[in-house]
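Trainee: Here it is: the structure, laid out below.
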């Protein structure tokens, strides 16, 4: 028996070590699936060795690291097989294949699931670029032997394009499929027809030419050169424009899908966006080494850049960086979007191809505010979210993260927001001392004046007849649903931060700066004063059955109380003040949000279930969706994250993780495949 206990203790130690290893990997790079593989190992061991009898602390630790890996992983697959640097990558336009070009003298064709179809070897030396014809039937490669080669997708060499005097660095098909362009270290650009006949040579660059791209209408080509310029040409050879602005070699050039914008990548560590007349619209700064490649997503809204700093960066079209994908162990030489825009392929000097999912699968990030987001609220049907921000606006979103409307009218920070039960009216609370009522289409209905200082929170009663507001003037105000002031409740002697109605609409709870929580009857009568926190109480919330109150405090804790003010449970674990608390619709889970940048999920008895990390600044609010399947968190990092928390348990996280790795594990040794059996 003693030996068995020692065995179990050793197993616990191994599981904790794996979790810590996964956490360390996540800290270095949360996008790669290396951390996920280790976390799955820990989760599988915990399930198999301990099951439901696992130590709650160890279970919470495993859930935290496995959850983080599942939520934040972007690497979908890793294609391995090349024996030297990989220089080029291209998706077939039909989306079924990926072609890669390498200095190992080969082009490899892969299925989208990561399995190798065939290897094309033409004895042309290093291969620098690869491109599919628009009908996906032909593959062109640019080679070190001064030629480009055309292949069938079955791997047959069809013709060799000979004429350049030095290595060919890039090859591209025109979108109409009629013309092929090549560029070379011999400083020239050549056009060819599909059977390999040379049509024209463009001379104008003063140094080696690295890249060529066709405009979407097939009428223009852009070329990037070591002479620090990009040139635009007509197909008849006429030079239209020379773009000057980069301070070093220009490695890559790409047209936006609408043809109105041109992106360039340079050795000067920047990418630039230009209009067709050669005016710089934006400079994308952030890479710490040469930018080797730039590509637009098919819808034109996202730009991907690859760099010798071993990273890929994703940017909005306005030039704002929104993600960095790390994981390559060497210079990233090219990036290419899949035709559906959901995936990105990157190739590297580490001899691997990585396939990344552009949007996380289990979370949705709402980006659009320009200052901290103070509150988030769901409509009763759960289909719309409202966010209140210090940028003085409220934004409405659908659950896919698409912005629906912007409510403008407040003259100062917006602290609070809430939907009426029917979902048609939105109330907002602001530092401009007003409460405003809006139609959900964004039209302002009324401005309610009465508070003498900042208004921190606002809440509709579940029956829709009363609106409550609280503020820095220490007062609770009650209003009719159409904005008529009904009563002012005096009793607090410090600013009031939060107000909440009981589910039956008869009781109002308020929380204040001095740590007091008060319960009031809807007629204004004070019922109970609750004291117990050692700091300000930022949020108070009723459980769905109305019998329990949760309070979130500056003292780093959340407390649960009955309606008589008796303390029922203490939720302790945050390392900074707790700004918000929310019950799941079935009351089985409590979510807390903290200035320590984490969200924690708890059982009502105080047992910690898991911790969510991802925001890069304090988290100001947390709300469950009405169906309990999503959790929304609002942060000072200007974003809101929607987390998928449906069936959030160890078994479900193991399934999610294994589903994600399905393609990768198929092509791996048996020992690794056993991880998900």
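The values are calculated or read from the model by the stated rules, or taken from the named source; none is laboratory data. Bear in mind the structure is a predicted one, so any value in this text is a computation, not a measurement. Methodologically, a virtual Cβ is constructed for each residue, glycine included, from the backbone with ideal geometry; neighbour enumeration extends over all protein chains shown.
Trainee: Determine which single condition residue 460 fails, assuming it passes every other condition in (1) within 22 Å of residue 507 (Cα to Cα); (2) at pLDDT below 95.
Mentor: Exception for residue 460: condition (2).
Trainee: A further question follows. Out of (1) without any contact (Cβ under 8 Å) to a residue 12 or more places away in the chain; (2) within 27 Å of the chain's Cα centre (by Cα), what's the single condition that is false for residue 443?
Mentor: (2)
Trainee: Would you please name the residue that is nearest to the chain's Cα centre (by Cα), looking only at residues in the stretch 515-543 that are surrounded by fewer than 15 Cβ atoms within 10 Å (Cβ to Cβ) and not in a strand (DSSP E or B)?
Mentor: Per the stated criteria, the residue is 534.
Trainee: Ok, one more. Please count how many residues of the stretch 605-633 are under 17 Å from residue 539 (Cα atoms) and either out of contact with any strand residue (DSSP E or B) (no Cβ under 9 Å at 6 or more places or on another chain) or not in a strand (DSSP E or B) (or both).
Mentor: The qualifying residues number 1.
Trainee: Confirm whether residue 649 is in contact with a helix residue (DSSP H, G or I) (Cβ under 9 Å, 6 or more places away or on another chain), at pLDDT 95 or above and either exposed (fewer than 14 other Cβ atoms within 10 Å of the Cβ) or farther than 18 Å from residue 595 by Cα (or both).
Mentor: no
Trainee: Further question: Look through 438, 479 and report the one residue that is assigned by TED's automatic domain parsing to the domain that holds residue 552, assigned to a strand (DSSP E or B), over 19 Å from residue 550 (Cβ atoms) and within 33 Å of the chain's Cα centre (by Cα). First the steps, then the outcome.
Mentor: Details: 479 fails: within 33 Å of the chain's Cα centre (by Cα).
Going through 438, 479 in turn, just one is assigned by TED's automatic domain parsing to the domain that holds residue 552, assigned to a strand (DSSP E or B), over 19 Å from residue 550 (Cβ atoms) and within 33 Å of the chain's Cα centre (by Cα): 438.
Trainee: Still on this structure, I have one more. How about the stretch 214-272: which strands (runs of 3 or more DSSP E) wholly inside it have at least 2 residues that are closer than 17 Å to residue 336 by Cα? Break it down into steps so the answer makes sense when it comes.
Mentor: On the way: elements: 220-225, 229-234, 239-244, 250-255, 261-266.
Fully inside the stretch 214-272 and qualifying: 250-255, 261-266.
Trainee: Among the listed residues 498, 505, 461, identify the single one that is within 24 Å of residue 565 (Cβ to Cβ) and in contact (Cβ under 8 Å) with a residue 60 or more places away in the chain.
Mentor: Details: 498 fails: in contact (Cβ under 8 Å) with a residue 60 or more places away in the chain; 505 fails: in contact (Cβ under 8 Å) with a residue 60 or more places away in the chain.
Result: 461 is the single residue among 498, 505, 461 that is within 24 Å of residue 565 (Cβ to Cβ) and in contact (Cβ under 8 Å) with a residue 60 or more places away in the chain.
Trainee: Ok, one more. Quick check on the stretch 655-668. Is at least one of its residues within 30 Å of residue 575 (Cα to Cα) and either within 19 Å of the chain's Cα centre (by Cα) or touching a residue at least 12 places away in the same chain (Cβ under 8 Å) (or both)? Give the derivation first.
Mentor: Restricting attention to the stretch 655-668, the residues satisfying the condition of being within 30 Å of residue 575 (Cα to Cα) are 656-657.
Those still in the list that are either within 19 Å of the chain's Cα centre (by Cα) or touching a residue at least 12 places away in the same chain (Cβ under 8 Å) (or both) too: 656-657.
Among the residues of the stretch 655-668, at least one is within 30 Å of residue 575 (Cα to Cα) and either within 19 Å of the chain's Cα centre (by Cα) or touching a residue at least 12 places away in the same chain (Cβ under 8 Å) (or both), which makes the answer yes.
Trainee: Hey, residue 610 hits all of (1) surrounded by fewer than 18 Cβ atoms within 10 Å (Cβ to Cβ); (2) in contact with a helix residue (DSSP H, G or I) (Cβ under 8 Å, 6 or more places away or on another chain) but one; which does it fall short on?
Mentor: Just one mismatch for residue 610, condition (1).
Trainee: Same structure again: I'm trying to understand the selection: among the residues of the stretch 164-173, which are part of a loop (DSSP other than H, G, I, E, B) and either at pLDDT below 95 or crowded, with 20+ Cβ neighbours inside 10 Å (or both)? Quick ask: steps written out before the conclusion?
Mentor: Residues of the stretch 164-173 that are part of a loop (DSSP other than H, G, I, E, B), as a first pass: 164-167.
Selection gives 164 alone.
Trainee: Of all residues in the stretch 434-453, count the ones that are buried (at least 19 other Cβ atoms within 10 Å of the Cβ) and under 22 Å from residue 498 (Cβ atoms).
Mentor: First pass over the stretch 434-453, keeping only residues buried (at least 19 other Cβ atoms within 10 Å of the Cβ): 434-438, 440, 448, 451.
Going one step further and asking which of them are under 22 Å from residue 498 (Cβ atoms), we end up with 434-438, 448, 451.
Count: 7.
Trainee: May I ask you to list the residues in the stretch 92-101 that are in contact with a strand residue (DSSP E or B) (Cβ under 7 Å, 6 or more places away or on another chain) and more than 16 Å from residue 155 (Cα to Cα)?
Mentor: So the first thing to find is which residues in the stretch 92-101 are in contact with a strand residue (DSSP E or B) (Cβ under 7 Å, 6 or more places away or on another chain), and the list is 92-93, 97-101.
If the condition is that a residue be in contact with a strand residue (DSSP E or B) (Cβ under 7 Å, 6 or more places away or on another chain) and more than 16 Å from residue 155 (Cα to Cα), then 93 is the only one that fits.
Trainee: Got a sec? Which of 359, 354 is more than 17 Å from the chain's Cα centre (by Cα) and either within 30 Å of residue 653 (Cα to Cα) or outside the structural domain of residue 239 (by TED's automatic domain parsing) (or both)?
Mentor: On the way: 359 fails: more than 17 Å from the chain's Cα centre (by Cα).
That would be 354, the only listed residue that is more than 17 Å from the chain's Cα centre (by Cα) and either within 30 Å of residue 653 (Cα to Cα) or outside the structural domain of residue 239 (by TED's automatic domain parsing) (or both).
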